[in-house]
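Data first, discussion second: the structure below is written as structure tokens.
The numbers here are math on the coordinates, done by the rules we state, and not lab data. Not measured: the values here are computed from a predicted model. Using ideal geometry, Cβ is built from the backbone for each residue, glycine included, and neighbour counts are taken over all protein chains shown.
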Number of protein chains: 2
Amino acid sequence: MKKISLELGSGGKSMRDFIARTIVPAFKNPMLAELLDASHLPGRIAFTTDSYVVDPIFFPGGDIGKLAVNGTVNDLVVSGAVPQYLSLGLILEEGLEWNALEKILRSLKAAASRARVEIVAGDTKVVKQGQGDKIYINTSGIGKVIAKPRPKLIRPGDKLILTGTLGEHSLAILTARGDFGLEARVQSDCAPLTFLLPFWKNGLLWMRDITRGGLATILSELTEQIPYPLLIEEDEIPLSKAVQAASELLGIDPLYLACEGRAVLVVPGEKTHDVLARIKKNPLGRKAAIIGQVEGKIGRPGELLLRTSAGGLRLLEPLSSELLPRIC
Amino acid sequence: MKKISLELGSGGKSMRDFIARTIVPAFKNPMLAELLDASHLPGRIAFTTDSYVVDPIFFPGGDIGKLAVNGTVNDLVVSGAVPQYLSLGLILEEGLEWNALEKILRSLKAAASRARVEIVAGDTKVVKQGQGDKIYINTSGIGKVIAKPRPKLIRPGDKLILTGTLGEHSLAILTARGDFGLEARVQSDCAPLTFLLPFWKNGLLWMRDITRGGLATILSELTEQIPYPLLIEEDEIPLSKAVQAASELLGIDPLYLACEGRAVLVVPGEKTHDVLARIKKNPLGRKAAIIGQVEGKIGRPGELLLRTSAGGLRLLEPLSSELLPRIC
């Protein structure tokens with residue numbers, strides 16, 4: 001008998017196929033079929049949902065509460081909406097320490113306040129020990145639509161801007177788990193991307209937060225929506241020393257690591273330097289960089305190409321199976 | 001060290017206290033502090049969330065998918081809103097049978113179609129075996145506000161209408177679990193309450209769906225909002241033979257059993273018979289009855305009184321601790 005496997009939760013290709021083949025057809029409607037980070041409803045309402053099952057629930061740079069606010073806030077931001085309201089659904093495992101819950105609630109509150117959203121609806125369920133894992137959180141979010149991503153306007157020469165270094169969130173989780181004996185001093189990048197909202201009024205064509213599947217998976221998905229290949233430059237991709245070292249040590253490609261406070265933007269060529277300069281003024285965008293472009297000469301439609309440090313071209317595939325379970 | 005206990009998930013007084021003391025103060029805002037079934041946001045938007053952890057996931061008369069749609073739809077209806085959109089957050093346990101998932105997705109779709117809501121946003125997470133229990137579902141709902149419950153207008157002589165028999169959902173779950181060796185042939189009452197929406201334009205003062213905690217807990221909560229006691233008549237409360245028999249056998253009071261397709265309404269005295277007649281025309285309201293009233297002579301403010309079959313008066317307290325875990 002066919003059973004659900006862990007790799008379906010990876011954010012990679014198998015998950016995408018699973019959702020596109022099994023879940024979406026069950027609810028055929030145009031809003032869900034777009035598979036956007038948030039659905040745009042009549043009345044300029046954006047609506048999104050995410051469940052958070054990160055393990056461990058506390059990690060360097062954050063916890064499941066901070067993550068549950070920022071993840072959903074960021075889904076709204078990249079869909080073209082100003083985040084306004086969140087709901088909060090808690091599934092608590094019997095035996096969770098009260099102190100831990102209170103710490104997470106404080107963290108949810110602080111993150112909501114920072115992202116300027118209000119938590120206006122909630123629900124709490126408790127399950128027996130061994131039927132959950134400390135705490136799972138669902139946040140659904142409502143935002144006000146101010147723009148719509150316009151992948152159809154993307155043209156060769158448009159630039160790809162990455163707002164910061166890759167992979168700190170994944171590495172912080174791995175370190176906190178003690179997996180691989182890692183002891184890197186790295187903080188999760190978990191943060192709200194609301195500072196990117198003004199760019200929707202400034203020519204921004206498309207934006208995605210870099211979560212499960214990493215930069216390579218997310219840009220691969222973009223290539224399915226446009227008739228041009230994308231080219232990114234390995235040497236231009238900002239990486240912290242800790243992520244670089246850990247990636248080499250473990251043989252993990254940082255292009256597939258999840259962040260929780262980084263985005264990749266597609267900006268018309270002529271606006272690139274202005275947008276980049278403004279992003280870099282924000283503390284969360286200090287390490288932003290132009291990492292590549294929409295190609296007119298090299299490659300074929302549907303391809304995501306990496307120009308390696310050595311000067312060669314490598315085709316990047318979307319993540320196909322589970323890399324790091326319960327990263328968010 | 002203080003830890004989370006199962007009884008916090010009961011829907012009873014300990015849960016209410018927990019939410020009021022621990023969760024709400026963490027997010028002080030007037031919308032959440034009202035503790036309504038759904039929050040009313042600017043722009044006549046109603047917003048609600050619920051996580052469903054029912055065990056077993058298939059039961060006579062429904063499954064977790066049907067429940068996840070109707071539960072959230074009903075929270076919107078009783079808050080005074082027309083349900084419009086749902087989000088769907090799945091937490092799947094590794095090893096869940098594919099067939100079971102597909103059956104639940106079909107059931108979600110059928111329930112959404114029946115309640116005339118669209119599922120427009122979704123998220124899927126997978127956790128390892130032993131970190132969940134087959135499937136947990138969060139649905140958050142958006143509706144259009146058409147009215148607001150008006151408990152302040154409630155006066156002595158206003159009548160309480162119950163839309164159908166009590167407790168079938170709880171009993172169906174108990175039977176499906178095989179607890180207590182029960183073999184009753186009873187179907188869950190799980191259903192959408194959208195047929196009650198027109199009454200908001202017809203003098204309806206207040207309405208609640210009868211879920212965790214049962215009728216007695218829900219009416220106890222109403223007594224906290226009004227300066228009059230409530231009196232209900234044991235002989236007028238519709239009960240199926242199966243629920244009556246099982247309750248006697250197990251020593252459970254059906255007034256504390258959960259339903260998933262029943263509501264209790266407060267209607268001005270003079271409109272009662274008209275409203276009752278119209279509710280009874282709907283198949284889901286066929287067994288509706290006037291079960292009591294807002295009292296002006298007997299009892300004291302804050303009291304919920306039951307006139308027993310024997311003619312005595314009994315004070316009903318809200319459910320204080322866990323009766324049946326994971327009933328929804």
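Numbers below:
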| item | result |
| --- | --- |
| Angle in degrees between helix B:64-79 and the longest Cα principal axis of chain B, rounded to the nearest 10 | 40 |
| Among the listed pairs B:LYS66/B:LYS144; A:LYS3/B:LYS3; B:LYS144/B:LYS201; A:LYS66/B:LYS144, those beyond 24 Å (Cα-Cα) | A:LYS3/B:LYS3; A:LYS66/B:LYS144 |
| Alpha-carbon Rg/Rh ratio, for the range A:155-219, with Rh computed the Kirkwood way | 1.07 |
| Radius 14 Å from Cβ of B:GLU303, net charge of other residues (Lys, Arg +1; Asp, Glu -1) | 0 |
| Chain A: most fluctuating residue of A:LEU105, A:LEU204, A:LEU230 per GNM, C-alpha cutoff 10 Å | A:LEU105 |
| Per-bin percent of Cα-Cα distances, chain B [10 Å] | 6, 26, 36, 24, 7, 1 |
| Over the range A:139-264, relative contact order from alpha-carbon pairs under 8 Å, at least 6 apart, % | 44 |
| Share of alpha-carbon pairs per 10 Å distance bin for the range A:151-316, given as whole % | 11, 41, 35, 13, 1 |
| The range A:92-139, Cα convex hull volume normalised per residue, Å³ | 69 |
| Spatially proximal lysines relative to B:LYS2 (Cα-Cα < 20 Å; intrachain offsets below 8 disregarded) | A:LYS103, A:LYS125, A:LYS128, A:LYS134, B:LYS13 |
| Amide H partners (placed H, <5 Å) of B:VAL126, local residues excluded | A:GLY9, B:LEU92 |
| CD proxy at 222 nm, helix term only [per DSSP H run n ≥ 4: -39500 (n - 2.57); per residue of the protein assembly as shown; nearest 500] | -7500 deg cm²/dmol |
| Loop GluC sites (Glu not before Pro), the range A:37-126, which have at most 10 other Cβ atoms in a 10 Å radius of their Cβ (DSSP) | none |
| Once exposed loop trypsin sites (Lys or Arg not before Pro) are cut out (DSSP; at most 11 other Cβ, 10 Å), longest piece of chain B | B:29-184 |
| Position B:ASP17, label points 7 Å along Cα→Cβ, spacing to each other copy in nm (shortest first, one decimal) | 5.4 |
| For the range A:252-266, 3J(HN,Hα) per residue [Karplus equation, 6.51 cos²θ - 1.76 cosθ + 1.60, θ = phi - 60°, Hz, x = Gly/Pro] | 9, 8, x, 5, 10, 8, 8, 10, 10, x, 10, 9, 10, 10, 10 |
| Value in Å of the Kirkwood radius, where the range B:36-145 supplies the Cα pairs that are averaged | 14.1 |
| Positive minus negative residues near A:ASP209 (Lys, Arg vs Asp, Glu; Cβ under 13 Å) | -3 |
| Low-density loop cleavage sites - GluC sites (Glu not before Pro) in the range B:157-237, where at most 14 other Cβ are within 10 Å (DSSP) | B:GLU183, B:GLU224 |
| Evaluated at q = 0.08, 0.12 Å⁻¹: base-10 log I(q)/I(0), Debye formula over Cα of the protein assembly as shown | -0.60, -1.20 |
